[in-house]
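Q: The following block contains the structure, expressed as C-alpha cells.
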Amino acid sequence: MSDAVSVSVMETHPFAAAPAGSPTLESLPVEPLLTSEFDVNPGGVYERLRSMYGPVAPVGLMGVPVWLVLDYREVLEVLRNDSVWRRDVRHWRARAEGRLPQDWPLLAGYEVRQTMFFDDDEHRHARLTYHSAMRPFQDGHSPEGWELRAAVAKYADELIAMLAAESGTSGFADLAAQYTRPLLLMVTTKLFGCPVELGDEMVMDLWRMLDGGPDAGPATGRALGAMTRLAAHRRSRPGEDLTSYMLLADPSLSDEQLGRELFMNAVYLNDITGNMVCNTLLEVLRGNATVRRSLSAGQIGETVNRAALANPPSANLCFRFAARDVRLGNFWIRGGDIVSPSVAAAHRDLIAAGSSHIVDSAVSTRAHLAWGAGPHQCPSAARELAGTIVSTAVGRVFEHFARAELTLPPDQLPWRAGPVVRGLRLLPVRYELSAHSAAVRVPPARGSDDVAAPAEAVPLRQPSRLLGALRRLMFGGRKGD
Ligand code: HEM
C-alpha cells in the first residue's frame, strides 16, 4: 500500500473545511482514464496514477474530471462511510450547476433512481425489501432456491450439449458468447418470471444496452419499459419469482419503481455475474496454478474468490459524492465532488501489500471487494445466489470437458473498453468433451462385430424452447451480434 495513506487525516479532522489554496478537482490537470493503454493494461495505468498522486488521483472520464480512489484502505473508507460518501446523484455539484456535457454517456444510468442510488431511510427500506424478496432464492433449502439451482445446471448442460451438436465432441468455442451470456439470460428469464414474449423483448434490449454504443441510451429506455411491463404483468399474475416476491415484500412499489429495480438487477445478473463466470474460467484456463489447485481440490468458491481478486467484474464501483469537504489521500475533496472507488486498483494494492500471504492463503482471498463493502454491499442473498450461479457455471464446464485450452495468448484476449466492467468480449477455447460427459452419448454397439469399431459420439439433448428462442435473438436477428 502507498505510504501516502499515512497523511490521510480524515479521522483526525472529520469536520474541517478544505484549506484555502488547496487544489480543487477542476483546477488540476487531469489525464483521460480511458485510453488505448487502459484498454490493454488498466493495472499499469492504476500503478502510474498511484505513483504520481498517491491513493487518490484526479482523472478525466469522458471529458469530466473525477477523483479515482486507488488504495485499498481509502476505497474501503469510501464504501463504508455512507454519511460522507453519498449515492444520490443530486449531491453532485457539477450536475446541479449544469456543468456536465449534455450527452455525457455515463449519466443516463445514474438518472435511473433505484436502490443503488438511494441514501439513508429510503435505502434502508429498499434493502429490507430485497432481503425479504430474495430470501427464497438465497440457498437450495427452499423449493424456489432448489428449483433455480437445478435450472442453472440444466441450462449449462443444454448449452454444452448444443456446442457438441454444433462443433462436435472436440472443436472450438467461444465460452463467452456461446455459453456464459446465454446461460445468464436464461437464468434471468427464470428468476424474474418473464413470460416468453416479454423475455424476448427484454433480452434484445439488454444486449443492446450491455454492448453500449450509440443505441445504448434508447435501449436503456426500452429495457426500463420492458421491466415496467413485467412488473405490471406479475402484479396481475403473481408467481414464484423475484418480481412477484418484490411486490409481496413491498406492495407500495409502483410498476415504474419495480421496473427500475429489475433493470438494475438485470445488469448485475447478466453482465456482472456473466463476467465473474468468464473471469473465473479465464483464471483456470490461463493456468494460474493456485486457481487450478483450488478447483481440483473441489473448492470452486475459493477459485471464484481468487478470480475476483485478479479481475473483479465491477472494476470501478458506482460513483459517490462527497457530502462535505473531506481529506482523502493527498487531496481535499470538496463537498459535491464526484469520487470513483476502484476495486480493481485496490486489489492490486492489496496484492502488492502482501502478495505471498494473499496468493498462498485460502482465507485471505475473502478480503476482495468484488461484492463491494459497507451499507451498499451486494445483498447477502444476491451474493449467495450469484456465487452458486458462478460455481455451477464454471463447474459444469470442467465436468464436461476433458481438455480445454485458450486459443489466444492471455495477453491478447480482447477486453471490453469502459470504466466500469472488467469483462471479456470473447473467451475462445479449443475443447475436447470428456467421454463421460452427458452432453454426448455413444450409440450402443450393433453386434459383436461392431464392438471394436470406434464409437461415434452424438449430441444427447435437443435445446429447450427457451434456449432456442434466446439463440435466435442473440445470433439470428441482429446485425453485429
Ligand atoms: C458475481 C455477481 C455479482 C457481483 C460481483 C456483484 C457485485 C455488487 C457490488 C460491487 C455491489 C455494490 C456496488 C457499489 O457499492 O457501488 C452490488 C450491489 C448490489 N447487487 Fe450485486 N453483484 C453480483 C450479483 C448480483 C445479483 C445476481 C443480484 C440480484 C439478482 C445483485 C443485486 C445487487 C443489488 C440489489 C445491489 C444494490 C445494493 C445497494 O445499493 O444497497 N447482485 N453488487
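Q: Which helices (runs of 4 or more DSSP H) does the stretch 91-170 wholly contain that include 3 or more residues that are charged (D, E, K, R)?
A: Those helices (runs of 4 or more DSSP H) span 120-138, 143-167.
Q: So, restricting to helices (runs of 4 or more DSSP H) that lie completely within the stretch 208-323, which ones have at least 1 residues that are modelled with pLDDT of 95 or more, within 30 Å of Trp104 (Cα to Cα) and within 11 Å of the ligand (Cβ to nearest atom)? Quick ask: steps written out before the conclusion?
A: Details: elements: 216-236, 242-249, 255-266, 273-285, 289-296, 300-310.
Hits in the stretch 208-323: 255-266, 273-285.
Q: Return only the number of the condition from (1) under 27 Å from the mean Cα position of the chain (by Cα); (2) of a type in the set (Lys, Arg); (3) at pLDDT below 90 that Arg441 does not satisfy.
A: Arg441 satisfies all of (1) under 27 Å from the mean Cα position of the chain (by Cα); (2) of a type in the set (Lys, Arg); (3) at pLDDT below 90 except (1).
Q: Return the only residue of Gly418, Gly387 being among the small types (Gly, Ala, Ser), at pLDDT 50 or above and assigned to a helix (DSSP H, G or I).
A: So the residue among Gly418, Gly387 that is among the small types (Gly, Ala, Ser), at pLDDT 50 or above and assigned to a helix (DSSP H, G or I) is Gly387.
Q: Now for a different question. Under 14 Å from Phe331 (Cβ atoms) and modelled with pLDDT of 95 or more: is that true of Trp85 in this structure? Full working, then the answer.
A: Working: under 14 Å from Phe331 (Cβ atoms): no; modelled with pLDDT of 95 or more: yes.
So Trp85 does not fit the description; no.
Q: Which one of these does Met162 not meet: (1) under 23 Å from the mean Cα position of the chain (by Cα); (2) buried (at least 17 other Cβ atoms within 10 Å of the Cβ); (3) of a type in the set (A, V, I, L, M, F, W, C)?
A: Failed condition: (1).
Q: If you don't mind, another one. Can you work out which of the residues in the stretch 107-130 that are surrounded by fewer than 15 Cβ atoms within 10 Å (Cβ to Cβ) and of a type outside the set (A, V, I, L, M) is farthest from the ligand (Cβ to nearest atom)?
A: Out of the qualifying residues, it is Glu111.
Q: In the stretch 267-280, which residue that is out of contact with any helix residue (DSSP H, G or I) (no Cβ under 6 Å at 6 or more places or on another chain) and either over 14 Å from Phe192 (Cα atoms) or hydrophobic (A, V, I, L, M, F, W, C) (or both) is surrounded by the most Cβ atoms within 10 Å (Cβ to Cβ)? Quick ask: steps written out before the conclusion?
A: Here is the first cut: in the stretch 267-280, the residues out of contact with any helix residue (DSSP H, G or I) (no Cβ under 6 Å at 6 or more places or on another chain) are 267-268, 272, 275.
Okay, now just the ones that are also either over 14 Å from Phe192 (Cα atoms) or hydrophobic (A, V, I, L, M, F, W, C) (or both), so 267, 272, 275.
Numbers: Val267: 20, Ile272: 20, Asn275: 25.
Here the answer is Asn275.
Q: Given the conditions (1) away from the ligand (no atom under 11 Å from the Cβ); (2) surrounded by 16 or more Cβ atoms within 10 Å (Cβ to Cβ); (3) not charged (D, E, K, R), report the number of the one that Gln102 does not fulfil.
A: (2)
The values are calculated or read from the model by the stated rules, or taken from the named source; none is laboratory data. Treat the numbers as computed from the prediction; the structure is a model and nothing was measured. Quick reminder, even Gly has a Cβ in these numbers, built from the backbone with ideal geometry, and neighbours come from all protein chains shown.
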